[in-house]
Amino acid sequence: MKKFQNSLQEPDQFTLTYELVPSRGGRADAHERALTLARDAAADDRLTAVSITENAGGHPVLSPEVLGIEIKKLGLDVIIHLSCKDKNRNQMESQLFAWDREGLRNLLVIAGDYPQKGYRGHPKPVFDLDTIQALDLISRLNRDPKDRTAHPPTLKKYQPTAFYKGVALSPFKFLESELMMQYMKLMRKVENGADYVITQIGFDARKFHELLLFMKQNHIHVPVLGNVFIPNMTVAKLMYKGMIPGCVITDALYEEMWDEAQSADGGKKARLKRASRLLTILKGLGYAGAHIGGPGLTYKDIASVISEADRSEKEWRDFIPKMSYWPEKRFYLYEKDNQTGLNRETPSKRSKPHSKQLSFLFARMMHTLLFSKNSPLFSPAKKTCLALEKTRLANGFAQYEHVVKFLLFSCRNCGDCVLSELAFLCPQAGCAKYMLNGPCGGSRNGWCEVYPGRKPCFYVRVYERLKACHEETKLNSGLLPPRDWVLNQTSSWINFYKGIDHTNPKK
Ligand code: SF4
């Protein structure tokens with residue numbers, strides 16, 4: 001059996017994977033088609049693994065491990081997507097134990113698309129953990145529970161698992177704030193256990209190069225696979241309109257594809273040619289591999305893309321001008337190298353910070369006065385809160401706190417307040433996926449994936465506020481632990497002074 005992990009750790013190896021989407025129903029024809037493709041791929045040793053999505057697009061389909069187990073039997077390695085959208089932390093653990101037992105140990109850990117309409121309406125979006133917290137959970141499960149020196153400590157009573165954890169990342173963001181948040185979150189993902197990276201879907205050689213340069217400059221040494229997606233016109237249109245979160249087709253590319261689609265084959269030959277060129281560029285840039293995907297493809301199509309890329313390996317630099325679909329005026333992290341069409345190592349000009357918001361400064365001052373151990377008000381405030389907790393006024397006090405914080409911050413009364421860590425914006429109210437450690441990959445043009453054109457991405461707002469105080473880099477490390485639901489609808493002030501909220505380092 002080919003091993004994805006071994007292949008990625010081999011510096012001279014260019015690892016190829018392919019993305020499969022499970023069918024809606026265990027006996028669907030699409031399931032058989034996926035198996036046929038996997039069987040053909042297993043017979044051709046150029047593809048190392050297939051990745052299997054989990055309820056992609058937020059729609060319920062067959063669980064990925066079912067397809068994964070069948071494909072493993074065919075002799076092909078498998079990557080299973082683990083998304084945070086539909087399950088809480090305990091269900092996630094249970095699923096991880098099952099996958100470990102089945103030998104499905106390559107993961108792609110993602111937030112996941114927002115759940116879409118299901119049985120009699122829209123389901124509850126779970127997002128109990130975000131990607132960073134899920135990585136932390138898996139890293140702990142991977143450790144020997146008897147290791148007393150482990151930091152952070154291991155969980156209790158389990159046999160250690162052996163997962164290889166990948167994450168997704170998008171360099172294809174139009175705004176500085178969105179892009180910087182993606183890159184800063186990458187730093188946190190690697191710090192918290194990410195072993196490899198797969199990029200989101202986009203078509204621009206300079207953007208692909210930008211990611212490698214950022215990783216080099218920030219000493220991030222994990223292998224990266226570039227995404228080579230081959231959309232048909234229907235999917236291209238959806239991506240162009242921003243209806244598939246995190247996947248970008250720009251004006252220039254869409255116009256080109258539209259022209260190609262007028263040909264007798266509907267533009268298929270041109271789409272495969274573009275994919276092979278992108279594959280060639282990724283190899284030339286030094287990517288560890290590529291992740292190929294696209295609807296309605298046969299293995300013959302995929303094999304032809306790989307063969308064409310092998311044939312044209314030496315021409316990768318000539319293809320760069322043809323793979324430049326990103327609007328020049330949109331944000332790039334580095335200045336352009338006009339000779340190569342890629343990037344120089346010089347950072348590009350950043351936008352001017354917004355002016356500081358008075359409400360933010362006031363909230364921060366009050367927080368320091370009441371909750372900083374060096375403040376003269378800390379001790380009396382702590383004594384008052386702890387004394388109140390023991391009286392009949394405790395409930396009234398919790399309600400008073402909620403009303404004040406609702407009026408000021410749209411507080412959702414979680415009892416474990418992270419306002420001071422997130423620029424005095426509430427993630428329970430502001431982020432559709434309740435993310436505590438950075439954005440998902442779905443924002444577009446600064447708008448939230450779930451409310452395009454109506455609500456800005458929560459982390460765009462956090463970044464702008466922190467940037468106004470030159471503090472934006474504070475989001476590039478660490479981890480905020482997941483919400484402790486036992487604190488729900490209790491006083492976060494009392495919980496803080498009692499030392500039972502997230503600020504307790506033992507949590
Ligand atoms: S607010 Fe941002 S991070 Fe939260 S769901 Fe929307 S796009 Fe994702």
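Points worth noting:
- Paramagnetic label zone (point 7 Å from Cα along Cα-to-C-beta, ARG364; backbone N under 20 Å) in the range 450-487: 458-480
- With Cα atoms, 0 to 90° folded angle of helix 29-42 axis to the chain main axis: 70 degrees
- Hydrodynamic estimate: the Kirkwood radius of the chain over Cα pairs, inserted into Stokes-Einstein at 4 °C and 1.567 mPa s, corresponds to D of 53 µm²/s.
- Simple spin-label estimate for PHE406 and TYR119 gives 3.3 nm between the two label positions (7 Å along the Cα-to-Cβ direction from each Cα).
- Residue ranges 240-247, 318-325 sort as 240-247, 318-325 when ordered by packing (mean number of other C-beta atoms within 10 Å per residue, highest first).
- Less than 5 angstrom separates the built amide H of ASP77 from those of LYS2, VAL50, all sequence-distant by 5 or more or on a different chain.
- Summarising the label geometry, the points placed 7 Å from Cα in the beta-carbon direction at SER379 and TRP258 lie 7.1 nm from one another.
- Within straight-line reach of LYS455, meaning a Cα separation under 16 Å, sit the following lysines at least 8 residues removed in sequence or on another chain: LYS433.
- Exceedance of the 21 Å cut-off in Cα-Cα distance is limited, within the set LYS474/LYS498; LYS85/LYS467; LYS237/LYS268; LYS373/LYS506; LYS87/LYS173, to LYS474/LYS498; LYS85/LYS467; LYS87/LYS173.
- Bridgeable lysines around LYS283 (alpha carbons under 19 Å apart, same-chain partners fewer than 8 residues away excluded): LYS207, LYS216, LYS273, LYS314, LYS322.
- The C-alpha atoms of the chain define a longest principal axis, and helix 251-260 lies at about 30 degrees to it.
- Segment THR391-LYS507, extension gain: residue separation times 0.36 nm, minus the distance between their alpha carbons: 39.0 nm
- Angle in degrees between helix 64-73 and the longest Cα principal axis of the chain, rounded to the nearest 10: 40 degrees
- Theoretical gain in end-to-end length, LYS352 to HIS151 [0.36 nm per residue, Cα-Cα removed]: 68.4 nm
- Highest-first arrangement of 491-503, 25-37, where packing means the average Cβ count within 10 Å: 491-503, 25-37
- DSSP bridge analysis restricted to the chain gives an antiparallel fraction near 15%, rounded to the nearest 5.
- Sites SER372 and GLU328, calculated FRET efficiency, Cβ-Cβ separation with R0 60 Å, nearest 0.05: 0.85
Values in this text are rule-based calculations from the coordinates and carry no lab data. These numbers come from a predicted model, not from an experiment. Backbone-built Cβ (ideal geometry, glycine too); neighbour counts: all protein chains shown.
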